[in-house]
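Here is the structure we will look at.
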Amino acid sequence: MSSDGRAVFITGAARGIGLATAEAFLADGYYVAIADIDVAEAESSANQLDPSGERVIGVAADVTSTESIDSAIATTTDRFGGLQALVNNAGTINPQPSSAVPDDDWQQLVAVHLEGTYRCCRAAYSALAASGAGAIVSISSIAAKLGIPKRASYSAAKAGIEGLTHACSTRSR
């Protein structure tokens, strides 16, 4: 199915699941923004997928920063003329016994996973709504449903992401 010039913004896309997602969207005809905190790797991955730079761009995006996400979404919509899809993929993991997770570690993981997803949904909302067919996909984990030993903050953040994405995806946003 060709997407006839639609654009997608994918966080944490310089490698791994995010990069594979970028490849799939590109193969389906989308314009792709590879958004990552490591802008050099994002640009390198974009160049590997599209040496011409016409359909894929690498953009700096720190999901823990509202300013960074607002700027990255603006760069994407300016470049591609809109936004039809958002993929929240950025994440980190720091396995620790649940009874010993320091506050700073908890807050950092929640800031990346849950708060980062919120920042991206909020920043992309207008462009997605303007497209008339905007879609939000947030990468979660079975940890959201089952909880995983030594992953309390990760499990909690992923459960939050699922609820947040459902709420953002309803027509009553």
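Coordinate-derived values only; no laboratory data. Treat the numbers as computed from the prediction; the structure is a model and nothing was measured. Note that we place each Cβ from the backbone using ideal geometry, even for glycine, and neighbour counts take in every protein chain shown.
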For residue 150, residues with placed amide H under 5 Å, excluding near neighbours | 98
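Taking the Cα centre of the chain as the origin, how large is its charge dipole in debye, to the nearest 20, when only Lys and Arg (+1) and Asp and Glu (-1) carry charge on their Cβ atoms?
Working: 12 positive and 18 negative charges, 142 e Å.
Its charge dipole is roughly 680 debye.
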By how many degrees, 0 to 90 and rounded to 10, does the Cα axis of helix 66-80 deviate from the longest principal axis of the chain?
-> 20
Output ³J(HN,Hα) for the range 156-161: one whole-Hz value per residue in order, computed from phi by the Karplus curve 6.51 cos²θ - 1.76 cosθ + 1.60 with θ = phi - 60°, and x for Gly and Pro.
-> 5, 5, 5, 5, x, 4
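Assuming 1.306 mPa s and 10 °C, estimate D for the range 7-169 with Stokes-Einstein, Rh taken as the Kirkwood radius over Cα pairs, in µm²/s.
Numbers: Rh = 15.8 Å.
Roughly 101 µm²/s, to the nearest whole number.
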Rounded to the nearest 500, what is the 222 nm mean residue ellipticity of the chain from helices alone, with -39500 (n - 2.57) per DSSP H run of 4+ residues and division by all residues?
-> -15000 deg cm²/dmol
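Return 146, 128, 164 ranked ascending by Cβ neighbour count within 10 Å, so the fewest neighbours appear first. Each step should come with its number before you reach the end.
Values: 146 9, 128 25, 164 19.
Placing the least packed residue first, the sequence is 146, 164, 128.
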Each residue of the range 91-101 in turn: what ³J(HN,Hα) in whole Hz from Karplus with 6.51, -1.76, 1.60 and θ = phi - 60°, glycine and Pro shown as x?
-> x, 8, 8, 9, x, 8, x, 4, 7, 10, 6
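For 169, 140, which order do you get if you count the other beta carbons within 10 Å of each Cβ and list the fewest first? Intermediate results must be reported in sequence, preceding the final value.
On the way: 169 15, 140 19.
By the 10 Å Cβ count, ascending, the order reads 169, 140.
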Farthest positive-ward along the range 7-169 dipole, Cα basis, beta-carbon charges - from 146, 168, 125 | 146
Kirkwood Rh (inverse of mean 1/r, distinct Cα pairs), the range 104-160, angstrom | 12.4
When the Cα centres of the range 149-165 and the range 38-91 are compared, how far apart do they sit, in Å?
-> 25
